[in-house]
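The next block holds one structure in the form of structure tokens; read it before the comments.
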Amino acid sequence: MSVNKNAVDKCRISDSSLEKFVSYGDMPIANGFLSEGEFKSEYYFPLEVGFCEKSKMVQLITQPDPEIMFHDHYAFFSSLSTSMQKHFKTFADEVKSRFVKNTNQMVMELGCNDGIFLQHFKDYRHLGIEPSLNVAEVSRSKGLNVENRFFGQALAEEIVSKEGQVDLFSASNCMCHIPDFLSVLAGIDVLLSKKGVVVFEDPYMGAVVEKTSYDQFYDEHVFLFSLHSISYAFSLFGMEVFDVAPQVTHGGSMRYYICRKGEHEVSNAVSSLLKNEELQGLDKIDVYLEFAKNCETSKARLVEELSILAKAGKKVAGYGATSKSTTVLNYCKIGPDLISYISDTTPIKIGKFSPGMHIPIRSYEEFKSNYPDVAVLFAWNHQAEIFEKEKVFRDSNGKWLFFVPKVEIV
Ligand code: TMP
């Protein structure tokens, strides 16, 4: 294994110093499921996270080039989860009733993936931006207009010259993926109409600290946002957050509503969340140093539980080959000796191996036809949906091993 020296250090949003508070060691690409022949050339980068006192931003210190992560065989398809389908339908309905009431308004989505959200705006003037070709093609097959490009100021200028300005700019689980965040904000500044609204959601730093869900840190999650950091970043472009709404998705996310300063009334939810963040300490380094200690404790406990199960001869499988599981497995050094395989429903992952620790990924049918004694719930953010589906596993005396918010067997 060698660490790729081309990993880039360009994710700072301000020039002030970034204080490292945790290091998870050398990490492969989280969605880089691979075949045996690819083991030798696997790409690694140091996964370290820092906090910027000035911008309040929590961010990776080094990051692989985006082309290594988002390409023509990207392994994440949003629409595979039924609860996410419902989530995006509700989200689209809300946006229609609050901000885009007529189909002549222009709706844009950054990182539209397989069209799970944008499909609800098919009858509107709309545009999706999606750099991963395979998922962009799925969106196109649903009749959506999609540009297969990376977004930034230059593309924004092109779009404005063709389509005019945008009334609604949305992004879900995407903004935190983009190292050159300032270029995205500059692009939004070019695109957004005077009364236009930016609405986006991403995993929330407050939830990560609360649950010690360190698996939210991986190559694609360059930033873990808070209201403090988002307010700072958008204020650089004369914009402000006028509403916020916590979400249960992805293990705890936050939805931010943003406008040009003074164009929409600011809700009380904004001041209340800012206050909560200060109480939680998200605006200071100390809480992150404490978080780093909690990660070490969680790691030791998980390895301990898995070692006890292995010694007892129990069959242990992973459930959900999530991107997040790559951080857990590699940070805790958990390989096929402790978890014999990971079950997943995504066709592109099945038959491959998990990044770094090389645990085989097997089909869901295999899990169902021969239950393990214990299943490690890597897709813990889909727990409700999975528990509903897996009643038979529990009834057959199957046990779940959780590691978020704490390590326990249920
Ligand atoms: P996510 O946590 O990034 O949404 O990824 C979820 C992964 O878990 C994805 O690879 C699909 C897989 N999965 C299953 O295998 N079974 C399930 O029931 C669910 C909800 C997800």
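Just so you know, all these numbers are worked out from the coordinates, no wet-lab data involved. Just so it is clear, the structure is predicted and the values come from calculations on it, not from any experiment. Don't worry about glycine lacking a Cβ; one is built from the backbone with ideal geometry, like all the others, and counts go over all protein chains shown.
Does the stretch 298-377 classify as rounded, prolate or oblate by the C-alpha gyration tensor (a ≥ b ≥ c root eigenvalues; a/c under 1.5 gives rounded; else a/b over b/c gives prolate, otherwise oblate)? It comes out oblate by the Cα gyration axes.
The relative contact order of the stretch 207-346, computed from alpha carbon pairs under 8 Å that lie at least 6 residues apart in sequence, is 24 percent.
Counting only alpha carbon atoms, the long axis of helix 323-332 and the longest principal axis of the chain meet at about 50°. Using the rule -39500 (n - 2.57) for each DSSP H run of four or more residues, divided by the residues of the chain, the 222 nm mean residue ellipticity is -10000 deg cm²/dmol. Greater than 22 Å separation of Cα atoms is the criterion. Which listed pairs, K162/K261; K352/K391; K314/K391; K20/K352; K211/K324, meet it? Distance filter (> 22 Å) returns K162/K261; K352/K391; K20/K352.
Under 1.5 on a/c is rounded, so check that first for the stretch 138-192, then, if it is not, pick prolate when a/b is larger than b/c and oblate when it is not; a ≥ b ≥ c are the square roots of the alpha carbon gyration tensor eigenvalues. The shape class here is oblate. Alpha carbon centre of the stretch 313-333 versus the stretch 345-410: separation in Å? Here the two parts' Cα centres lie 9 Å apart. Ordered by the count of other Cβ atoms within 10 Å of each Cβ, fewest first, S172, S354 give S172, S354. Straightening the chain between L289 and H73 buys 74.1 nm, computed as 0.36 nm per residue apart minus the Cα-Cα spacing. Fully extending the segment from S235 to T297, taken as 0.36 nm per residue of separation minus the present Cα-Cα distance, adds 18.6 nm. Just going by the charge dipole of the chain, with Lys and Arg at +1 and Asp and Glu at -1 on Cβ, which of S226, N397, G111 is farthest out on the positive end? The listed residue farthest towards the positive side: N397. The convex hull of the Cα atoms of the stretch 161-262, projected and averaged over all directions, covers 6.5 nm². Each of V208, V95 was scored by other Cβ atoms within 10 Å of its Cβ. Listed from fewest to most, they are V95, V208. Size of the chain from its Cα atoms: along the principal axes, largest to smallest, the extents are 64, 47, 41 Å. Ordering I308, G252, V266 by the projection of their Cα atoms onto the charge dipole of the stretch 192-319, which places +1 on the Cβ of Lys and Arg and -1 on the Cβ of Asp and Glu, puts I308 at the extreme positive end. Computed with the Debye formula from one identical point scatterer per Cα of the stretch 215-300, without solvent, the log10 of I(q)/I(0) at q = 0.20 Å⁻¹ comes to -1.08. The shape of the stretch 321-366 comes out prolate: with a ≥ b ≥ c from the C-alpha gyration tensor, a/c is at least 1.5 and a/b beats b/c. Neighbour counting of Cβ atoms within 10 Å sorts the residues T346, T326, T62, T103, fewest neighbours leading, into T103, T62, T346, T326.
Springs join every pair of Cα atoms under 10 Å in this Gaussian network model of the chain, and among G398, G206, G252 the largest mean-square fluctuation is at G398. Between K314 and I409, full extension at 0.36 nm per residue minus the direct alpha carbon distance yields a gain of 32.9 nm.
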